Amino acid sequence: MHVRRIVDLSVPLSASTQIYPGDPVPRIEPAATIEADGFNLLSLRLGSQTGTHVDAPYHFRADGARIDEMDLSLFAGEGAVIDVTGLAPRARITWESIAPAAGRLGPGVIALLHTGWPDRYGTPAYFDHPFLDADACRRMLGLGVRTFLLDFPNIDETPDAAHPGEGFPAHRLIAAAGGVIGENLRGFEQIDFTPFVSCLPLRLAGADGAPVRAVAMDLAPPAR
């Protein structure tokens, strides 16, 4: 087996990385430089869910598994890109949108919800994203899906002054099932092959989530 191609699915992590409203502002600055110290070293201060990241069940359940306790097989496997592009701001991603891809979903398959919303990354409109309807989430869980990766910042509606939200039902359903949510991914439109997806998190002890370097790999069988 060898890798024919790798698609980077991650946003750059820097002091200017767009964050969820209210999350810690990332601070990334030199702690040492070649000129002053003979080597380069960065000082990092960021939230557990800064940039491209995954949520553990502990994010929404006090008794849920923490990121360092989770089965690593949840973070790597065959991916299925579900094209739901063209939706309006704050539209529900309903089961009718998911159903055409249902035959590709099942235990061990990583679902990639492709909305095209990274085009709005870095602007306030990024948080007016579509979101997964609770019924669609239940049906996907019923098919055996336990890992949901998104090219938008929140699997549920992001509340603001005009939109109170619904209490994060998809987060709660997936956490109750012991599943994983990955947010702030990009590049799904570049996946024109059946991908092997990796979104392995940092091993942050006791954490609710962690940043990842997510990739989609086009794997080829070994030459005979």
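Points worth noting:
- All of L149, L74, L87 fail the test of being in contact (Cβ under 8 Å) with a residue 40 or more places away in the chain, farther than 26 Å from D63 by Cα and of a type in the set (A, V, I, L, M, F, W, C), apart from L87.
- Residues of segment 156-178 satisfying the condition of being touching a residue at least 40 places away in the same chain (Cβ under 8 Å), open to solvent by less than 20 Å² (accessible area, probe 1.4 Å) and either assigned to a loop (DSSP other than H, G, I, E, B) or within 23 Å of D119 (Cα to Cα) (or both): T158
- Meets criteria (without any contact (Cβ under 8 Å) to a residue 60 or more places away in the chain, closer than 23 Å to I191 by Cα, open to solvent by 60 Å² or more (accessible area, probe 1.4 Å) and not polar (S, T, N, Q)) for P100: yes
Residue-by-condition table, conditions (1) on the phi > 0 side of the Ramachandran plot; (2) at pLDDT 95 or above:
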site	(1), (2)
E166	no, no
L173	no, yes
G179	no, yes
G187	yes, yes
P195	no, yes
C199	no, yes
L204	no, yes
A210	no, yes
A223	no, no
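- Residues in segment 117-132 that are closer than 19 Å to I181 by Cα, open to solvent by 10 Å² or more (accessible area, probe 1.4 Å) and assigned to a helix (DSSP H, G or I): 2 in all.
- Between R224, R186, the distinction of being in contact with a helix residue (DSSP H, G or I) (Cβ under 7 Å, 6 or more places away or on another chain) and either within 15 Å of T52 (Cα to Cα) or open to solvent by 10 Å² or more (accessible area, probe 1.4 Å) (or both) belongs to R186 only.
- Once segment 64-117 is narrowed to residues that are aromatic (F, W, Y) and more than 12 Å from L132 (Cα to Cα), the residue that is nearest to the chain's Cα centre (by Cα) is F75.
- Looking only at segment 62-77, and only at residues there that are assigned to a helix (DSSP H, G or I) and in contact with a Phe, Trp or Tyr (Cβ under 9 Å, 6 or more places away or on another chain), the one that is most open to solvent (accessible area, probe 1.4 Å): E69
- On the stretch given as segment 113-172, residues that are closer than 21 Å to V25 by Cα and of a type in the set (S, T, Y) total 4.
- Looking only at residues of segment 133-155 that are among the charged types (D, E, K, R) and over 21 Å from I19 (Cα atoms), we find that the one that is least open to solvent (accessible area, probe 1.4 Å) is D133.
- Output for segment 38-61, where each listed residue is assigned to a loop (DSSP other than H, G, I, E, B) and either on the phi > 0 side of the Ramachandran plot or open to solvent by 70 Å² or more (accessible area, probe 1.4 Å) (or both): G38, F39, N40, G51, R61
- Exactly one residue out of A99, A80 is touching a helix residue (DSSP H, G or I) at 6+ places or on another chain (Cβ under 9 Å), assigned to a strand (DSSP E or B) and more than 28 Å from P21 (Cα to Cα), and it is A80.
- All conditions but one from (1) over 22 Å from G165 (Cβ atoms); (2) among the charged types (D, E, K, R); (3) in contact with a Pro (Cβ under 9 Å, 6 or more places away or on another chain) apply to R92; the one that does not is (1).
The values are calculated or read from the model by the stated rules, or taken from the named source; none is laboratory data. If you're wondering where the values come from, they're calculated on a predicted model, not measured in any experiment. All Cβ positions, even for glycine, are placed from backbone atoms using ideal geometry, and neighbour counts span all protein chains on display. Note: accessible area is taken over every heavy atom of the protein model, side chains too, but ligands, DNA and RNA are not part of it. Shrake-Rupley method; radii C 1.70, N 1.55, O 1.52, S 1.80 Å.
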